Amino acid sequence: GNAGGGLPGGIGWYRKAFVLPKESKNKQVAIHFDGVYKYSEVWINGHFLGKRANGYISFQYDITPYLKHDKEQNIIAVRVDNSAQPDSRWYTGSGIYRNVKLITTNAVAVANWGTFITTPEVSKTSAKVNLKTQIKNQNNKAEEVRVEFSIIDNNGKLVAKRNDIQHLKANTETLLEQELQVSNPKLWSTHSPNLYQAVTKIYQNKKLVDEVITPLGIRTFRFL
């Protein structure tokens with residue numbers, strides 16, 4: 001109606017058929033939506049995964065138990081309902097309006113949205129970088145891993161590094177917290193948008209099983 005600028009609303013359906021590569025067998029697979037407006041419901045091969053009412057937030061579902069392998073076809077179905085109008089102060093769009101990704105990981109990996117970084121102390125000569133990392137172990141047995149944290153500057157130079165040996169319980173998530181020191185940091189600002197990369201690597205039996213790169217700008221501010 002007019003409240004939506006006369007643009008499409010109502011109920012829409014999406015279906016996507018795909019065949020998994022053989023490398024995905026025995027891996028963990030999730031479907032990730034960056035944005036669906038709104039009241040989305042998602043199925044994989046006829047199995048209902050869930051409903052998300054909020055249209056402005058990203059979300060994902062684990063689809064590992066329901067997948068077909070060996071060149072069999074998988075079908076994802078999404079129902080979207082934006083029929084309740086007027087709905088917002090502006091036209092939001094209807095349906096899937098951002099990227100959709102299929103994410104494949106090993107059983108031991110950094111969890112979804114699993115990195116959180118702060119810079120609690122910053123000066124011209126030094127910056128303290130606090131890294132919180134959520135690591136999942138979806139194996140049915142405990143695992144020992146080595147987690148490597150490093151910070152790389154915008155020239156590709158390693159400026160800080162730390163290793164941590166962790167014993168992960170079976171089918172759990174573990175929160176790791178580490179602190180690294182960066183000397184003579186290049187501060188981020190709108191005039192000089194210097195970015196670092198915080199790199200998290202997980203090694204299991206000396207083999208790299210996951211790597212996550214998180215952009216990092218070092219700065220501090222206060223309100224008077």
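The values are calculated or read from the model by the stated rules, or taken from the named source; none is laboratory data. Quick caveat, the model's predicted, so the values are computed rather than measured. Glycine gets a Cβ as well: all are built from the backbone with ideal geometry, and neighbour counts include every protein chain shown. Areas reflect the complete protein model, heavy atoms only, side chains present, ligands, DNA and RNA absent. Shrake-Rupley method; radii C 1.70, N 1.55, O 1.52, S 1.80 Å.
How many of the residues making up segment 182-217 are of a type in the set (Lys, Arg), in a strand (DSSP E or B) and either in contact (Cβ under 8 Å) with a residue 60 or more places away in the chain or under 22 Å from Ser126 (Cα atoms) (or both)?
The total comes to 0.
Read through the list (1) closer than 14 Å to Thr118 by Cβ; (2) surrounded by fewer than 11 Cβ atoms within 10 Å (Cβ to Cβ), then give the number of the only condition that Ser183 fails.
(1) is the only condition that Ser183 fails.
Please list, ordered by residue number, the strands (runs of 3 or more DSSP E) wholly in segment 67-175 having 3 or more residues that are of a type outside the set (A, V, I, L, M, F, W, C) and more than 19 Å from Val29 (Cα to Cα).
Ranges flagged: 73-82, 108-122, 126-137, 143-152, 158-168.
Report the residue count in segment 34-66 for those that are outside any loop (DSSP other than H, G, I, E, B), farther than 25 Å from Asn137 by Cβ and not charged (D, E, K, R).
6
Of all residues in segment 2-33, which are outside any loop (DSSP other than H, G, I, E, B), among the small types (Gly, Ala, Ser) and open to solvent by 40 Å² or more (accessible area, probe 1.4 Å)?
Listed by number, the residues that qualify are Ala3, Ala17.
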